[in-house]
C-alpha cells in the first residue's frame with residue numbers, strides 16, 4: 001500500500017503522487033497564491049520551493065485583489081513564473097528528505113493574520129520554521145488532523161512536523177464540525193493540533209465518544225482553556241495535552257502542559273517581560289521583516305503575561321483585547337472562562353460596545369445548547385457573573401447567536 005501524504009475532501013494524495021508532481025514541475029514562482037487555499041497545491045508549492053532553494057511568498061487564497069494591492073503586490077505579478085534550469089528525477093521520498101537537509105538559505109515569506117491592523121510581512125528560513133520539529137523513527141506512524149489554515153504559521157508548523165516524518169495529514173480546516181468525529185474514527189487519527197476555538201466548536205459533536213487512538217492534543221494560537229482541557233480529556237483519555245506559544249514573527253517558541261509556559265535555557269537571555277507585563281522577544285529569535293518595529297533589538301509581542309518564576313510564565317491576554325470599562329481594565333478571556341462554566345453554555349465571546357457613560361461596556365455573544373431556554377439561561381448567566389465577577393466585569397448585554405466569527409486562521413474575532 002502506498003504511503004498517504006494527504007486526504008482532503010475524501011481524495012487521497014500519496015507521497016508517490018507528490019514525487020511525480022515535484023518531478024513534473026517546470027517553473028518556479030515568486031508567489032504561492034492558491035485559490036481556496038487547496039492544501040495539496042499549497043504544500044506542493046512549498047516543498048518545490050524548498051527543494052530548488054528559491055524564495056517564495058505565501059498568500060491567502062481568499063485574499064481579494066484589493067487586499068493584495070494593499071500589501072504592495074501588483075496583482076499580475078501573481079502569475080509570474082521562471083522556467084527551471086534543472087529538473088528533478090526523484091524516485092524515493094528519502095531523496096527529498098536528504099535534499100531538504102542540505103538547504104541553508106531558503107526563505108519563505110508569510111503574513112500575520114491582521115487581527116490588529118494591516119498584515120505584516122515576515123520571512124523565515126527552514127531553520128526558524130522547523131525550530132521545534134522533532135524527527136524520529138518513533139513518529140513514523142503518526143496521523144495528523146490538519147485543522148489550521150495552511151498558509152499561516154501554525155499550519156506550517158504542523159505541516160513540517162508531519163512531512164519531515166513522512167506522516168499522513170487529514171485535512172479538517174473549514175470542515176463541518178459534524179463530520180469531525182467520523183474523520184477521527186475512520187482515519188485512526190493520533191495527533192490533533194488546533195485553536196481552542198476549533199475544540200470548542202467540535203466538542204458538542206465528540207462528547208460522549210472515546211477516541212483512544214489519539215495520543216496528543218495540541219492547543220495553539222489562543223489562550224489555553226483549563227475547563228475545555230478537562231472536557232477534551234474525557235473524549236481523548238490517552239492523549240497528552242500540549243499548549244504551544246507561537247507567532248508569525250518568531251515561529252514556535254514555548255511549550256507547556258496546561259497553562260504555564262517554560263522558557264528554555266537556550267532562550268532565557270533572549271526573552272524578557274516588561275514592568276507592564278508585556279512579553280518581549282529578542283530579534284535573534286525572529287524571522288526577518290523590514291516593517292517590524294523593534295525597541296533596542298527587542299520585539300514587543302503585544303501579549304500580556306504573568307511571570308510565575310524566572311523561567312515560567314502564564315499567558316493573560318492580547319494587549320489589544322483589554323477593554324476599558326469606566327477606567328477599569330477588563331480581560332475578556334477571564335470573563336469568558338468564568339461564564340463558560342454556566343450550564344447550557346457551549347461557547348461565549350466577550351467584546352466591547354461604546355458607551356457614553358463608561359466609555360465601553362461588555363457584551364457577551366453566547367452559543368447555547370439546543371435544549372436550553374434563552375430566557376432562563378440569560379438569568380443564570382447574569383446571576384453567575386454577579387456571583388463570580390467584580391461589578392465592572394459583568395456583561396451588560398447578553399445575546400444568543402448561532403456561531404461566533406473567526407479570522408482566516410480560525411481564531412475568534414472580538415472587534
| said: Only counting other Cβ atoms within 10 Å, I'd like 363, 330, 308 sorted with the fewest neighbours first. | reply: 308, 363, 330
| query | Could you give the distance between the Cα centres of region 240-263 and region 124-185, to the whole Å? | reply | 16 Å
| task | Please give, to one decimal in nm, the separation of the simple spin-label points placed at residue 93 and residue 207, each 7 Å out from Cα toward the Cβ. | result | 3.8 nm
| task | Once you have a ≥ b ≥ c as the square roots of the Cα gyration tensor eigenvalues for region 59-156, tell me rounded if a/c is under 1.5, and otherwise prolate or oblate according to whether a/b is larger than b/c. | result | oblate
| remark: Volume per residue (Å³) of the convex hull spanned by the alpha carbons of region 330-392 is 85 Å³
| note | For percent of Cα pairs over 32 Å apart the list reads (i) 44; (ii) 50; (iii) 40; the calculated value is entry (iii)
| In degrees from 0 to 90, rounded to the nearest 10, what is the angle of the helix 226-235 Cα long axis to the longest principal axis of the chain? | 60 degrees
| query | To the nearest 500 deg cm²/dmol, what mean residue ellipticity at 222 nm is calculated for the chain from DSSP H runs of n ≥ 4 alone, each contributing -39,500 (n - 2.57), summed and divided by the residues? | reply | -7500 deg cm²/dmol
| field | Average silhouette area of region 1-131, convex hull of alpha-carbon atoms, in square nanometres | value | 9.3 nm²
| remark: Listed residues 219, 139, 261; largest mean-square fluctuation, Gaussian network over the chain with Cα springs below 10 Å, found at 139
| said: Sequence gap at least 6, Cα distance under 8 Å: using those rules, report the relative contact order of the chain to the nearest whole percent. | reply: 11 percent
| request: Give me the number: length gained by fully extending residue 328 to residue 376, i.e. 0.36 nm times residue separation minus the C-alpha to C-alpha distance, one decimal in nm. | output: 14.3 nm
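In region 149-194, what is the volume of the convex hull around the alpha carbon atoms, normalised per residue and reported in Å³?
Each residue corresponds to 69 Å³ of Cα convex hull volume.
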| query | What ranking of 88, 307 emerges when the number of other C-beta atoms within 10 Å of each C-beta is taken as an exposure proxy, fewest first? | reply | 307, 88
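So for 322, 153, fewest C-beta neighbours within 10 Å to most, what's the order?
Exposure proxy ranking, most exposed first: 322, 153.
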| field | Length released on extending from residue 264 to residue 85, taking residue separation times 0.36 nm less the Cα-Cα span | value | 60.1 nm
| Expressed as an acute angle from 0 to 90° and rounded to the nearest 10, what is the orientation of the C-alpha long axis of helix 196-206 relative to the principal long axis of the chain? | 80 degrees
| field | Angle between the chain longest axis and helix 153-163 axis [Cα atoms, degrees, rounded to 10] | value | 50 degrees
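Read the figures in this text as sums done on the coordinates, not as results from a lab. Just so it is clear, the model here is predicted, and its values are computed rather than measured. When we count neighbours, we look across all protein chains shown, and the Cβ atoms used for this are built from the backbone with ideal geometry, even at glycine.
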